[in-house]
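To start, the structure itself, in structure tokens.
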Amino acid sequence: MTLFEAMFAPRHDDHGKARTAGLPIRRLPFPERVTVPLAQHIGKPARTCVRIGQPVARGELIAEADGFVSIPHHAPVSGTVEALPLLTMADGRRTPAIAIRTDPSSLQCRLPLPPAVDPLTLTPDALAAAVQATGLVGLGGAAFPTHVKMSPPREARLDTLLVNGCECEPFLTADHRVMVEHTAALMAGIRYAMHALGVHRALIGVEDDKPAALAAMAAQLPADRSIQCRVLPTRYPQGAEKMLIRSVLQREVPSGKLPADIGVVVNNVGTLTMLGELLPRRAGLIERVVTVSGPGVQQAGNYLIPLGTRIGDVLRHAGMAPGDMEVILGGPMMGISAPSLDVPVTKGLSGILVFPAGSLPVRERRSCIRCGQCLDACPMGLNPSLLGQLAAKQEYEQSARHGVLDCIECGACTQGCPSGIPLLQYNRISKSVLRQRRPS
């Protein structure tokens, strides 16, 4: 069996999920302060609309969207703006931010909201504007503004909303718990998205290791079958957008194209659940569910966490074990190492995993031996070895010609490389440089 076949073979162990999959979502206590980055999404950063010393209420607008491909931000806590710092993010980017000291005397009730609205009565353009006002982005990790995804080109001929409930990364179970505990909000969010896109069919792709989620959704599927579940064998990286389209619809997204070009829009279950909760109330996104797990924490679980909370504050509450630890933001395959425990929880963060230092496998870095294992592993049919060599030589335009922008960043090539070459990281560098050169 090749590595590619092994990666796509159905798996029968829990991959670290059993510890948290059955635990209900818990609210993390409000921290002493939060720091909200203005650039925690794809697109233009938001513009600050508060000043130092200004009191803010939980849910109040604190930063405005700066254009169409931008989103606003809202106060995750009631308190006082104490600084407008320049914050270093987990990926090394520097971005303006808003630091708020939490008011310890506040009950942390949301700011009173305007009268509720029925999103299904809005025109698609009005609905997209209302979605933008919530500050919602893709909660599966991409952090792409949701209102942009719900505003496809007029010439797009869409027929399907594909809902991603796979959550195939090891350890992560936040989406699983959302599907189990917030099923009604998920179904409402799906209907709102269908209305915005003008489609009459939604398919929810869920892997077969989530029977509780499947049962919860089956009980609330509409009788007209406009929303249906598709049960998929559990395999990695099935949750990647292009892989899910292939598994559920047997369609291929051509190189350089988007799912909308073949009639599909893909949204994560967490995103649509928040859409169902926030949109009718015209409320802003101020918190999200995050899986906190790994052998380095004592109180693993799925926590509802105010955005902007320090990773260190989260892990202190979850009982991080003493000693040297390695913290991964996201899943173990596609996540990144936390450079500091001072970085905040952002809208796109789905997991915080803690491992004792030295417990993760590390291969000694050697030269490529031309074994071809990375080619077998790549679900997109790319040549990761060649792309890594081009990135090392900073030949980014050449890497684009060899398809680096089609990389889904699943990490299968890096996991399979016997020479320990960080192929995924090379591809991320190439894609980042190319996107800066090609902002469109």
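The values are calculated or read from the model by the stated rules, or taken from the named source; none is laboratory data. Fair warning: this is a prediction, and the values are worked out from it, not measured in the lab. Quick reminder, even Gly has a Cβ in these numbers, built from the backbone with ideal geometry, and neighbours come from all protein chains shown.
Let's see how each residue does on (1) modelled with pLDDT of 95 or more; (2) of a type outside the set (Lys, Arg); (3) within 18 Å of Ile25 (Cα to Cα):
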position	(1), (2), (3)
Leu279	yes, yes, no
Leu285	yes, yes, yes
Thr309	yes, yes, yes
Ala321	no, yes, no
Val327	yes, yes, no
Pro332	no, yes, no
### Task
Identify, by number, the condition in (1) in contact (Cβ under 8 Å) with a residue 40 or more places away in the chain; (2) touching a helix residue (DSSP H, G or I) at 6+ places or on another chain (Cβ under 9 Å); (3) assigned by TED's automatic domain parsing to the domain that holds Ala188 that Ser247 doesn't meet.
(2)
### Task
Among the candidates Ser432, Ser399, single out the residue that is over 19 Å from the mean Cα position of the chain (by Cα), within 30 Å of Lys44 (Cβ to Cβ) and of a type in the set (S, T, N, Q).
Ser399
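Does Pro339 qualify as being in the same structural domain as Thr309 (by TED's automatic domain parsing), surrounded by fewer than 20 Cβ atoms within 10 Å (Cβ to Cβ) and of a type outside the set (D, E, K, R)?
Numbers: in the same structural domain as Thr309 (by TED's automatic domain parsing): yes; surrounded by fewer than 20 Cβ atoms within 10 Å (Cβ to Cβ): yes; of a type outside the set (D, E, K, R): yes.
In short, yes.
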### Task
Read through the list (1) in a loop (DSSP other than H, G, I, E, B); (2) at negative phi, then give the number of the only condition that Arg370 fails.
(2)
### Task
Filter the range 389-410 down to residues that are part of a loop (DSSP other than H, G, I, E, B) and not small (Gly, Ala, Ser) and give me whichever is surrounded by the most Cβ atoms within 10 Å (Cβ to Cβ).
Cys410
### Query
So which residues in the range 66-80 are surrounded by fewer than 22 Cβ atoms within 10 Å (Cβ to Cβ) and of a type in the set (A, V, I, L, M)?
Val69
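Out of all the residues in the range 296-307, is one or more surrounded by fewer than 19 Cβ atoms within 10 Å (Cβ to Cβ), in contact (Cβ under 8 Å) with a residue 12 or more places away in the chain and part of a strand (DSSP E or B)? Steps first, please.
So the first thing to find is which residues in the range 296-307 are surrounded by fewer than 19 Cβ atoms within 10 Å (Cβ to Cβ), and the list is 298-299, 304.
When the remaining residues are screened for being in contact (Cβ under 8 Å) with a residue 12 or more places away in the chain, the result is 298-299, 304.
Okay, now just the ones that are also part of a strand (DSSP E or B), so 304.
Within the range 296-307, one or more residues are surrounded by fewer than 19 Cβ atoms within 10 Å (Cβ to Cβ), in contact (Cβ under 8 Å) with a residue 12 or more places away in the chain and part of a strand (DSSP E or B).
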## Note on the structure
Expected single match for of a type outside the set (Phe, Trp, Tyr), under 27 Å from Ile100 (Cα atoms) and crowded, with 22+ Cβ neighbours inside 10 Å among Ile328, Ile286 is Ile286
### Summary
Of the candidates Leu386, Leu360, the one satisfying the condition of being farther than 13 Å from Leu424 by Cβ and either at pLDDT 95 or above or part of a helix (DSSP H, G or I) (or both) is Leu386
### Residues (surrounded by fewer than 18 Cβ atoms within 10 Å (Cβ to Cβ) and out of contact with any Leu (no Cβ under 7 Å at 6 or more places or on another chain)) located in the range 257-283
Lys257, Leu258, Asp261
